[in-house]
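One structure below.
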There are 2 protein chains.
Amino acid sequence: MALRTLSAKNAAALDQELMSAGAFSIDQLMELAGLSVSQAVFKLQPLNKGKRILVACGPGNNGGDGLVAARHLHHYGYQPTVYCPKQSKNELYQRLRKQLEDLKVPFTSDFRTALQSTDHIVDAIFGFSFSGEVREPFPGVIEALRETKVPVLAVDAPSSWNIEEGPPKDGPGKGFMPEALISLTAPKPLVKWFEGRHFVGGRFLSKEMAEKYGLDVPKYEGLDQVVEVGVEGAEKL
Amino acid sequence: MALRTLSAKNAAALDQELMSAGAFSIDQLMELAGLSVSQAVFKLQPLNKGKRILVACGPGNNGGDGLVAARHLHHYGYQPTVYCPKQSKNELYQRLRKQLEDLKVPFTSDFRTALQSTDHIVDAIFGFSFSGEVREPFPGVIEALRETKVPVLAVDAPSSWNIEEGPPKDGPGKGFMPEALISLTAPKPLVKWFEGRHFVGGRFLSKEMAEKYGLDVPKYEGLDQVVEVGVEGAEKL
């Protein structure tokens, strides 16, 4: 049975409702989202299998989730490196960067070189609000992600994929299929085309909100902030 | 070996430094603190041993940690009930309450009655900024905590204890010894007199900050946000 999915438009509406009627702050939601991402990395890449995690962050909230994840990964004992080429003016984004700087987490401006010495990659470049064109410097980064043999965990969407229509038919992301995907709050329609391991994270959704948006609250175990929902496309679950 | 402790004054200074130079928001810190508290409850009171958790919240940040913990406990599958008799005007505190209301977590105004039908209690009444007098309605609540056979987890301090000098020599908290304590960020001097199980939580301290404040970063395991540091007073660890 497939988990029900959340369109890009409804994902934005749900986030907005969590922050208005739901009284969550973006700080809280991003903390919990990034924590979920870090737990998915822990499950995919146990510490004793290689600690070097390259976290590629875009300029928006998806990138912010990546920055939070990098901080938690540091505390778990990983060695994260952050690629974050766009200087976001967003105040929270800047604070998340500062928190990483204080932990001496290295930032790199050379993604292809960093790729040569990492054990795992987090793709937090574009999330559910992505549409249209991949702008510089990200086309080359996405090509590198497509070509690398290092496993990639995509956050909410493989970057460059269309949220509703899945993998791009041309451009840098054509043929890009990450090893794993973590859907935050709920899977987006693109999971229909996704063939890797699939996690859901963001353990804060109430039953009422899930019902309102036609979603399922997945069955998390114990203290887990993520749950693996299947190894194939959500349609076949 | 005892973990080094953090005085009330330095605990306040460290929090302030995390939020100014460290670029953390109170929302982030409280989310991580409350998450730690919820994980300590999970370790002390496994779900199959009774799910009813009574969370007693004071009007300050200690109470806020309790509200966050109650939310996470709900998502783990517990049945939290919140006692929160003071209407804090603090905006974050009000939002944390709203988040619980949306989850249909019940609030009670009758602590002694609620105590009759719970499996575990979280004492989030007073934290490291407490000193002096226990004001109404808390003297009776602390007496009830002292008398009950239901296990109590105190957050940062058994409420009514002096942060530097430990258990009160008279008043409602005289003889109050909770089953467990979770020290957030670092143990306070009162742990010297504490005789129950002792956890440390708040996995966000950098080595530099720990050194600056003369603290130890405890050895957390895996994804845990808490670590049990000993079953006796910290002095004897």
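The values are calculated or read from the model by the stated rules, or taken from the named source; none is laboratory data. This structure is a prediction, so every number in the text was calculated from the model and none was measured. Glycine gets a Cβ as well: all are built from the backbone with ideal geometry, and neighbour counts include every protein chain shown. Remember, those area values only see protein heavy atoms, side chains included, never the ligands or the DNA or RNA. Shrake-Rupley method; radii C 1.70, N 1.55, O 1.52, S 1.80 Å.
Look at the stretch B:22-35 and say how many of its residues are within 11 Å of chain A (Cβ to nearest Cβ), open to solvent by less than 40 Å² (accessible area, probe 1.4 Å) and in a helix (DSSP H, G or I).
Residues meeting the conditions: 8.
Select from the stretch B:36-56 the residues that are open to solvent by 10 Å² or more (accessible area, probe 1.4 Å) and either away from chain A (no Cβ under 11 Å) or of a type in the set (Val, Ile, Thr) (or both) and list them in ascending order.
B:LEU44, B:GLN45, B:ASN48, B:LYS49, B:GLY50, B:LYS51, B:ARG52
Scanning the stretch B:128-155 for residues that are within 21 Å of B:LEU14 (Cβ to Cβ) and open to solvent by 10 Å² or more (accessible area, probe 1.4 Å), which turns out farthest from the chain's Cα centre (by Cα)?
Looking at the filtered set, the residue picked out is B:SER131.
Can you tell me which residues in the stretch B:173-214 are more than 16 Å from the chain's Cα centre (by Cα), touching a residue at least 40 places away in the same chain (Cβ under 8 Å) and closer than 17 Å to B:ALA157 by Cβ?
Residues satisfying the conditions are B:LYS192, B:TRP193.
When only residues in the stretch A:84-115 that are buried (at least 20 other Cβ atoms within 10 Å of the Cβ) and within 22 Å of A:LEU29 (Cα to Cα) count, which is nearest to the other protein chains (Cβ to nearest Cβ)?
A:GLN99
Looking only at residues in the stretch A:5-21 that are within 14 Å of chain B (Cβ to nearest Cβ) and open to solvent by 50 Å² or more (accessible area, probe 1.4 Å), which one is nearest to A:GLY127 (Cα to Cα)?
Per the stated criteria, the residue is A:MET19.
Looking at B:SER20, B:SER36 in this structure, which one is out of contact with any His (no Cβ under 8 Å at 6 or more places or on another chain) and under 25 Å from B:LYS192 (Cβ atoms)?
That would be B:SER36, the only listed residue that is out of contact with any His (no Cβ under 8 Å at 6 or more places or on another chain) and under 25 Å from B:LYS192 (Cβ atoms).
Where residues in the stretch B:62-83 are among the hydroxyl-bearing types (Ser, Thr, Tyr) and more than 14 Å from chain A (Cβ to nearest Cβ), which of them is most open to solvent (accessible area, probe 1.4 Å)?
So the residue we want is B:THR81.
Name the single residue, out of those in the stretch B:157-194 being surrounded by fewer than 24 Cβ atoms within 10 Å (Cβ to Cβ) and on the phi > 0 side of the Ramachandran plot, that is modelled with the lowest pLDDT.
B:GLY171
Matching residues to (1) under 18 Å from A:THR118 (Cα atoms); (2) part of a strand (DSSP E or B):
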{"position": "A:ASN48", "(1), (2)": "yes, no"}
{"position": "A:ILE53", "(1), (2)": "yes, yes"}
{"position": "A:ALA56", "(1), (2)": "yes, yes"}
{"position": "A:ASN62", "(1), (2)": "no, no"}
{"position": "A:GLY66", "(1), (2)": "yes, no"}
{"position": "A:ALA69", "(1), (2)": "yes, no"}
{"position": "A:HIS72", "(1), (2)": "yes, no"}
{"position": "A:VAL82", "(1), (2)": "yes, yes"}
{"position": "A:LYS86", "(1), (2)": "no, no"}
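If you check A:GLU147 against the conditions, is it over 17 Å from A:PRO59 (Cβ atoms), of a type outside the set (Val, Ile, Thr) and out of contact with any Leu (no Cβ under 6 Å at 6 or more places or on another chain)?
yes
List the strands (runs of 3 or more DSSP E) that sit entirely inside the stretch A:126-225 and contain at least 3 residues that are more than 14 Å from chain B (Cβ to nearest Cβ) and within 24 Å of A:ARG52 (Cβ to Cβ).
So the answer is A:152-155, A:180-184.
If you check A:GLY201, A:GLY222, which single one turns out to be open to solvent by 10 Å² or more (accessible area, probe 1.4 Å), out of contact with any Cys (no Cβ under 9 Å at 6 or more places or on another chain) and at pLDDT 95 or above?
A:GLY222
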